[in-house]
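So the structure is just underneath, and the comments pick up after that.
Every read-out reported here was derived from the displayed coordinates using simple, explicitly stated rules and does not represent laboratory data. No experiment lies behind these values; they were computed from the predicted model shown. Here the Cβ positions follow ideal geometry from the backbone for every residue, glycine too, while neighbour counts run over all protein chains shown.
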Amino acid sequence: MVNDARPVANGLRTDHPVPDLPFVDDSHIPVDDPSGIEAIGRHRGTDMWGREDPAHDGGWVAFTTDPQRHDLAWCVRWHPGHGRSVLLFRDDDAAGMHTALGEAALLFRAGGYWWNGDIWYRPAQVWDVAGEKHYQRPVPAAMSVTAADLLQAGGDPRKGAVLDIAGIAPDSPPPGRWLDDLALWAAHRPDDKPLSASVVTISAPELSGDQLVGVAELARIGGIAASTLRAYITRGEGDVPPPQATISGRSAWARPVAEDWGEQRRRSPDGLTAAVAAARAGTAEMAPGIADVWRRFTRAYFSALWENPAQRKRWALRWRTPAAVRDLAEDLGWYVAADVQDGGILPIHDLAVTIEHAVLDEFAEGQRLDQATGSETTFYGINRPVTRVLDWLVRHQPASAGHTLGRIVGEAERRFAIPRQVSERSLRTALALDSKLGTDRRREFLDRALSPQRPEASR
C-alpha cells in the first residue's frame, strides 16, 4: 500500500529536498555513517530507537530518534549513484518509512508517487496475490524536476532559513518563501554535487490540474457515497490514498491513482464477495452459496416446525400461522448458513489448501504430458471434481477463493515455471465449463481475483 507517512522537514545535507518543507540543521547526525545513525538511538531504557539495514541496490537505509527531540526521528537513504535523502519524520512514522525506503523506492513525492533512481511509479495500491507484492505501474511521460530546474525561477538565499531542530513545529509550513530556502540550501552544497542531480519532485501529464479529481469523483470511482469517503478519510479507514495536491484547502487525487484505488476495492475480500453476491443479509452482501444454504435450511426447519402435525400442535394459538413459523425457520436457517460462512460446518482454510494442491497437481500432470509428447500447451485441463469444489469455494467463500486462485498462479509460476497467463487461462476455462455461477458474475469475479487484463510489472 501507499506509504502515507509525511516528512516534517528536510535535513540540510539531503541531496533530494522535498518541496515546501523547511530545512533543518542536521550536523548532529552522522548522515554518512549508517552504524553511527543507528547507535544514536540505541539507548536501552529510553524512548529512543535506531536501526540500519542494507538496501537491495547496494545502498543502505538508517534511522534514529533525534537525541534532542524524542518526538522526531531522522531517516537517511543512501544510494551509490544518487546520493542520499535526509528527512525528518515524527518518531512514530520512522520505522515504517525505514522499511519502505529499504525496498525499491529512493524517493516518495506527490502523495505516494515513487522513484527508483530511473523510473517514476504510481502509488502502490493493487495487490498481486500470485506474486505476493504490489503491481508496479510506471507513470507515462514522467519527468524528474530538479533543484536546478526550480532555481531558474529565482530564489534569494539571503531570505532563506535553516531551522534548528528545537524550533521545528511539525504541522506548520515554512516561515518564508520555499524557493528562497531552496536557494540557501543550494548555497551550502559542495561544488562537486550539481543541482541538476538533485531530484525534487515529479512532473507528469496525469498530475496536471485538469487531470485531478475531488472527493465526489473519487467516491464514485470507489463505488461508495461521498459521505462514506469523507468518513473513511476522517477515521483513517478504507486505505484511501494520500492526495496528490491540495487546491483551495481541498484534497485532489490523480485520476489513475483514484482508479487504482477503485480497482483494489473491487479486488478486496468485500469486492470479491460483491462480484458474485446473490442476496443481502441486512446491509451486508451475501455469497450465493451462503444464500443457498440459508434457503435450504429455512425450508427444512419450516417443514419440521409447521408441516409436521406432532410438532405443529405444540405452538400457542397466536403463533400458529405460516408467516410466524416461516420467520422462525428463516432465523434457524441463518444459523446454519452463518456457520458455513464462518468455517464451522466445513473447514474453509483446509479446503482452500486442498484445492490449491489439487489444481497444482493437475498442472504438474499436464506439464509432464507436454514434456513427454514434446508439445507446448496454452492451458491445462482441470478435472471436473476439482473444478466443482473450486466453484463451491467461489460461491460460498469468494474472498478465500480469490486468495486461493492467486496462490495457485503464484506457486505454478515459482515451482513449475508455468507462465501466469497459462495458469489463469486454465482456471478460467475450467470454471467456464463447470461453474454454477452465471457467466457475468463468474467473469466479474475472475477479473477481480486474477491479474488485470493488461501487461503489468510487479513489485
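Dipole size in debye (nearest 20) for segment 1-156 around its Cα centre, Lys and Arg Cβ +1, Asp and Glu Cβ -1? Don't skip to the answer; put the middle values down first.
Working: 13 positive and 23 negative charges, 50 e Å.
So the magnitude is around 240 debye.
Compute the separation of the alpha-carbon centres of segment 142-182 and segment 306-360 and state it in Å as a whole number. Measuring centre to centre over Cα atoms gives 66 Å. The angle between the Cα long axis of helix 348-373 and the longest principal axis of the Cα atoms of the chain comes to about 80 degrees, rounded to the nearest 10. Net charge in the neighbourhood of residue 214 (other residues with Cβ under 13 Å of its Cβ; Lys, Arg +1, Asp, Glu -1) is +2.
Relative contact order (percent) for segment 1-75, with alpha-carbon contacts under 8 angstrom and 6 or more residues of separation?
Details: 109 pairs, mean separation 14.0, N = 75.
Relative contact order for segment 1-75 comes out at 19 percent.
Placing unit charges on each Cβ (+1 for Lys and Arg, -1 for Asp and Glu) gives the chain a dipole about its Cα centre, and among 141, 123, 203 the Cα reaching farthest toward its positive end belongs to 123. Along its first, second and third principal axes, ordered by size, segment 348-458 spans 39, 32, 24 Å in Cα coordinates. Projecting the Cα atoms of 446, 233, 363 onto the charge dipole of the chain (Cβ charges, centred on the Cα centre) puts 446 farthest toward the positive pole.
Farthest towards the positive end of the charge dipole of segment 189-324, among the residues 277, 262, 251, is the Cα of 277, using unit charges on the Cβ of Lys, Arg, Asp and Glu.
For the chain, the mean residue ellipticity at 222 nm estimated from helices alone is -13500 deg cm²/dmol, where every DSSP H run of n ≥ 4 contributes -39500 (n - 2.57) and the total is divided by all residues, rounded to the nearest 500.
With the simple model of a label 7 Å out from the Cα in the direction of the Cβ, residue 326 to residue 47 spans 6.3 nm.
With a cut-off of 15 Å between beta carbons, the residues surrounding residue 357 carry a summed charge of -3, where Lys and Arg count +1 and Asp and Glu -1.
Mind checking the full-extension length gain between residue 20 and residue 250? Use 0.36 nm per residue of separation minus the Cα-Cα distance, one decimal, nm.
81.1 nm
Between residue 141 and residue 417, the simple spin-label model (points 7 angstrom out along Cα→Cβ) gives 4.1 nm. Among the listed values (i) 31.1; (ii) 24.1; (iii) 20.4, the one computed from these coordinates for mean projected area of the Cα convex hull in nm² is (i).
The dipole here belongs to the chain: it is taken about the Cα centre, uses +1 on the Cβ of Lys and Arg and -1 on the Cβ of Asp and Glu, and is about 2280 debye.
In the neighborhood of residue 177, defined by Cβ-to-Cβ distances under 9 Å, what is the net charge if each Lys or Arg adds +1 and each Asp or Glu adds -1? Could you put the intermediate results ahead of the total?
Values: positive: 159; negative: 156, 180, 181.
Counting the neighbours of residue 177, the net charge comes to -2.
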